[in-house]
Each structure stands twice: as C-alpha cells, then as structure tokens.
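Visitor: Quick one: the structure is below, questions incoming.
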Amino acid sequence: MSRRRALTLITIAVLLAVTLFYGSYQVSSQSEAGGREHESIGTVLEVIALVKTRHYYQPVSTFDLLKGYVLTGTINGMLRHALDDPYTRHMDAIAFENMMNTTTGVYGGIGLSVGIVDERVTVVSPIKGTPGERAGLRRGDKIIAIDGRDTTYMTLDEAVSLMRGPANTEIDLTIKRDEEIFEVHIVREMINVISVPEWYIIDEDYSIGYVAITNFSERTYEELVQALADLDAKGQKALIIDLRNNPGGTLGSALRVVDEFVAGAPLLYLEDKEGNRTPFASTDAGTRKPIPMAVLINGGSASASEIVSGALQDNGLATLVGTTTFGKGLVQTLYPLRDGSALSVTEQGYLTSGGKDINGVGIEPDVVVEVTLEEEEAIYLGEAEYDPQLEKALEILRSQL
C-alpha cells in the first residue's frame, strides 16, 4: 500500500471520528448556534465528490479536502482550507432557500447586496428604498457582527441567512466604516427588488434615454424590454445604461439582456477546467437597431454587469464611462444535495464577447471619470447636485448625434 493511500485511509478514519465528535457537540449546542443542523458525513463526501469532479480552475486534492474538514469540522471550513475560491461554498437548506428567493426578486430582509472582502462581510451596495439604504449603510461598510454574532470567517450564505427573516422583525448590525465602529438597528421588510427601477428621456433636446439596471434576476429582461419600448415611443435617439453598483445576478438574465443588443458575435465564452472554450452565440432575430449608447460602470459593477458591459464594449456598441468594474469572471453551478442543502461550485470561467479574461482585473472604462466616495454615495441616493460620470456620458452621446 502506498504511503499516500495509507495517509488518506487514516485521514478518513479520523474524519469519521471527528464527525462523531462534532455531531454530539453540535446537537448539545444547537440552541446556542441558532438551530444549525449537523452536516452529515454523507453530505461531506457528496461535496468532496462534486468539488473533485466539477471545480474549475485549480486541481483539488482529496487529501487536502479531508484534512480541511478534520481541522475545521465544517464543510465551508474544508472548502476555505483546500481552495483559493470564495465563490465555491456550501449552503444549508435555509440559505439555499434564501438564494432561490433572491433570484425571483422577492424576499424578507433588509435589502443589502453583500460580499466577502478581506475575510469580512462587506456591503457591495444597499438596494434603493429598502431598510438597509434608509439606515444609511453604504458600499464598503464592514458588517463585523449580526445580532452580536462575530462575522469573522463567516460565509456569505451564513451572513445572508442571519440578515433575512420575516417582515417586521428586528436586527442589529455592528458596522465598521474606516476606523469608526457603530451599531445600526433595522426592522426587516418584504423586499421586492425591481431590476429596472427608472427610465426616462434625460435630454429632451437630443432625445437621449436613460435606464438604470440595479441587478440581474428572472425579471430583468422583461422589465428592460418594457422600459426600452417606452423610451422608443418617446423618440429616443441615444441611450445611457446605468450599471453602477449593480452586483450582478443570474447568468441567463445577463445573456438575454446582451442578446437584445449584440448580433453576429458571441455573447460570451465559457471555459471549462480543461481550457475548452464554448461560445454563446447571439440571436440575430429581434436584435435592436444600434443607436449611440453609453454605459456607466464602477467598482460595484460585478458579474452579470460585467458580462453586459463587456459585450457592448467589445462589439463597439457602447462607450463605457466611469471606473474599473469589480472583476468577477467565474461562473458557479448550483447543485442541490440529498439533505436539502446545496453546493455552489465554481465550474467555469468566462471571457467577454471579445475574449477578455476579466477575473480579478475588471473591465476598464473607455473614459475614466473618478468620483469620491462621498460623491458616489450622493449619486447613488439621488442627492447629488452634479453627476460627473453621467454628464460625461451625455457629452459623448451628444457628440455622436
């Protein structure tokens, strides 16, 4: 028997012992941990099998996965130990349900889009008109505790599950903003997230339309088509699409939006773990007639927003204005597991329509227009007297008409 095989068998034996220990420990501390169910050995092995066969961009050692579980006693601890990938994560049944509700755009919570930055739960953007936005939270705020529970090393799904809940229930967040730490008390509401909250003719003299897309959900395409039809009826000759602080959403939604504008070119390329690239072809039928366009982007524009802005830029259909986007060029596949939980595993990477790999880099705007954090917040909240990024986009489009 080889030394490595022997070590693996020993590790599995230890894993079983650790599992029994954590099982008895977690049963005794369920009420203290908020009722979190024990992750069974079957689920652990199911996750290991999926990660081994499906994970995209790095070889994964079974030994390292097992070692990670022995060291941490949790599936997400195992994944963090073995993978340099914050997007591959295990969701318990509640977190899985919350994620599915998010894609439909209706859920109970406080209305924050969050991510993990420097191992801390961080606000990517508060959704307009929600309790989180009204409480004054803003992009870059670190959520260091949720109802007194420290978020250090907390997974994104754990944090989201804690912040979600029935309407009219209360939650306390401990926020770190720069060097200041303060408490925020919020009452949850039913969040009905509209993807396209506003559209109008922003310049009557030049007939320039404006449409904001705040996220990409199952509803986005239909909402956008309705907005564009209204702007067309009002005689728009040019268009501004505002993707600032749009953290993304579903891949399918982004592809439908891109397909509305792009013809005769791939919408994007998906790349598997062997490096094979698969183009998503555009559909010529129904594609809008090109008009001058500008797209507003910033560091809060991520994932699906980058797919859309990248495709429009690569095909010469729009001028990108603002600052560099977030840089998420990875695609996750969701696998429901036997116990009702699920695994979101990074299974593919994507390249933009023109073949650019933007992961960890982001998309550079064609025209850089920097704003301060205070200006960005005022623009987001609709309180700014002047929006230099929007004004630059208007200037560019006027010159093209």
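Visitor: So if I check each of Thr346, Thr319, which one is surrounded by 15 or more Cβ atoms within 10 Å (Cβ to Cβ) and at pLDDT 95 or above?
Guide: Numbers: Thr346 fails: at pLDDT 95 or above.
Step by step, each of Thr346, Thr319 is checked, and only Thr319 is surrounded by 15 or more Cβ atoms within 10 Å (Cβ to Cβ) and at pLDDT 95 or above.
Visitor: Of all residues being over 22 Å from the mean Cα position of the chain (by Cα) and in a loop (DSSP other than H, G, I, E, B) in the stretch 42-96, which is modelled with the lowest pLDDT? Just the residue, please.
Guide: Per the stated criteria, the residue is Pro59.
Visitor: Given the structure, is Asp172 surrounded by fewer than 16 Cβ atoms within 10 Å (Cβ to Cβ) and without any contact (Cβ under 8 Å) to a residue 24 or more places away in the chain?
Guide: Numbers: surrounded by fewer than 16 Cβ atoms within 10 Å (Cβ to Cβ): yes; without any contact (Cβ under 8 Å) to a residue 24 or more places away in the chain: no.
It is false that Asp172 is surrounded by fewer than 16 Cβ atoms within 10 Å (Cβ to Cβ) and without any contact (Cβ under 8 Å) to a residue 24 or more places away in the chain.
Visitor: Please state which one of Asp147, Asp157 is out of contact with any Lys or Arg (no Cβ under 9 Å at 6 or more places or on another chain), in contact (Cβ under 8 Å) with a residue 12 or more places away in the chain and more than 22 Å from Leu381 (Cα to Cα). If you could, list the steps in order and put the result at the bottom.
Guide: Details: Asp157 fails: out of contact with any Lys or Arg (no Cβ under 9 Å at 6 or more places or on another chain).
Step by step, each of Asp147, Asp157 is checked, and only Asp147 is out of contact with any Lys or Arg (no Cβ under 9 Å at 6 or more places or on another chain), in contact (Cβ under 8 Å) with a residue 12 or more places away in the chain and more than 22 Å from Leu381 (Cα to Cα).
Visitor: Just checking, how many residues over the stretch 112-155 are at pLDDT 85 or above and either within 14 Å of the chain's Cα centre (by Cα) or assigned by TED's automatic domain parsing to the domain that holds Ser303 (or both)?
Guide: 4
Visitor: So is Ile186 crowded, with 20+ Cβ neighbours inside 10 Å, in a strand (DSSP E or B) and of a type in the set (Val, Ile, Thr) or not? Full working, then the answer.
Guide: Numbers: crowded, with 20+ Cβ neighbours inside 10 Å: yes; in a strand (DSSP E or B): yes; of a type in the set (Val, Ile, Thr): yes.
The answer is yes for Ile186.
Visitor: List the number of the failed condition for Asn101; all other conditions in (1) under 22 Å from the mean Cα position of the chain (by Cα); (2) within 27 Å of Gly360 (Cα to Cα); (3) modelled with pLDDT under 80 hold.
Guide: (2)
Visitor: Let me ask something additional. Checking the structure you have, find out if any residue of the stretch 229-239 is over 19 Å from Val114 (Cα atoms), over 23 Å from the mean Cα position of the chain (by Cα), not in a loop (DSSP other than H, G, I, E, B) and not hydrophobic (A, V, I, L, M, F, W, C).
Guide: Taking the stretch 229-239 and keeping what is over 19 Å from Val114 (Cα atoms), we get 229-239.
So of that shortlist, the ones also over 23 Å from the mean Cα position of the chain (by Cα) come out as 229-239.
Now narrow it down to the ones that are not in a loop (DSSP other than H, G, I, E, B): 229-233, 238-239.
Filter once more, keeping what is not hydrophobic (A, V, I, L, M, F, W, C): 230, 232.
Yes, some residue in the stretch 229-239 is over 19 Å from Val114 (Cα atoms), over 23 Å from the mean Cα position of the chain (by Cα), not in a loop (DSSP other than H, G, I, E, B) and not hydrophobic (A, V, I, L, M, F, W, C).
Visitor: Continuing with this model, one more query. Scan the stretch 154-207 for residues that are within 13 Å of Gly109 (Cβ to Cβ), out of contact with any helix residue (DSSP H, G or I) (no Cβ under 8 Å at 6 or more places or on another chain) and among the hydroxyl-bearing types (Ser, Thr, Tyr) and jot them down.
Guide: Within the stretch 154-207, Thr169 is the sole residue that qualifies.
Visitor: Further question: Return the only residue of Tyr210, Tyr221, Tyr200 being assigned to a strand (DSSP E or B), surrounded by 20 or more Cβ atoms within 10 Å (Cβ to Cβ) and either touching a residue at least 12 places away in the same chain (Cβ under 8 Å) or out of contact with any Pro (no Cβ under 7 Å at 6 or more places or on another chain) (or both). Even if it seems obvious, please write down each step before you answer.
Guide: Values: Tyr221 fails: assigned to a strand (DSSP E or B); Tyr200 fails: surrounded by 20 or more Cβ atoms within 10 Å (Cβ to Cβ).
Testing whether each residue is assigned to a strand (DSSP E or B), surrounded by 20 or more Cβ atoms within 10 Å (Cβ to Cβ) and either touching a residue at least 12 places away in the same chain (Cβ under 8 Å) or out of contact with any Pro (no Cβ under 7 Å at 6 or more places or on another chain) (or both) leaves just Tyr210.
Visitor: If a residue must be over 18 Å from the mean Cα position of the chain (by Cα), of a type in the set (S, T, N, Q) and crowded, with 19+ Cβ neighbours inside 10 Å, how many such residues does the stretch 351-380 contain?
Guide: Looking only at that region, the number is 1.
Visitor: Answer yes or no: is there a residue in the stretch 155-177 that is assigned to a helix (DSSP H, G or I), touching a strand residue (DSSP E or B) at 6+ places or on another chain (Cβ under 9 Å) and farther than 20 Å from Ala93 by Cα.
Guide: No: the stretch 155-177 contains no residue that is assigned to a helix (DSSP H, G or I), touching a strand residue (DSSP E or B) at 6+ places or on another chain (Cβ under 9 Å) and farther than 20 Å from Ala93 by Cα.
Visitor: A follow-up question, please. Tell me, yes or no, whether the stretch 244-256 has at least one residue that is farther than 26 Å from Ala212 by Cα, within 21 Å of the chain's Cα centre (by Cα) and surrounded by fewer than 19 Cβ atoms within 10 Å (Cβ to Cβ). Step through it out loud before you land on a result.
Guide: Start the filter on the stretch 244-256 by keeping residues that are farther than 26 Å from Ala212 by Cα, which leaves none.
Checked against the condition, which is being farther than 26 Å from Ala212 by Cα, within 21 Å of the chain's Cα centre (by Cα) and surrounded by fewer than 19 Cβ atoms within 10 Å (Cβ to Cβ), the stretch 244-256 yields no hits at all.
Visitor: On to the next question. If you take the residues in the stretch 281-297 that are under 25 Å from the mean Cα position of the chain (by Cα) and modelled with pLDDT under 95, which one is surrounded by the most Cβ atoms within 10 Å (Cβ to Cβ)?
Guide: Step by step, filter the stretch 281-297, then rank; the result is Ser282.
Visitor: Look through Leu343, Leu330 and report the one residue that is under 30 Å from Ile94 (Cα atoms) and in contact with a Lys or Arg (Cβ under 9 Å, 6 or more places away or on another chain).
Guide: On the way: Leu330 fails: in contact with a Lys or Arg (Cβ under 9 Å, 6 or more places away or on another chain).
Matching residue, one of Leu343, Leu330: Leu343.
The values are calculated or read from the model by the stated rules, or taken from the named source; none is laboratory data. Note that this is a predicted model, so its numbers are computed, not measured. Positions of Cβ are backbone-derived with ideal geometry, glycine not excepted, and every protein chain shown enters the neighbour counts.
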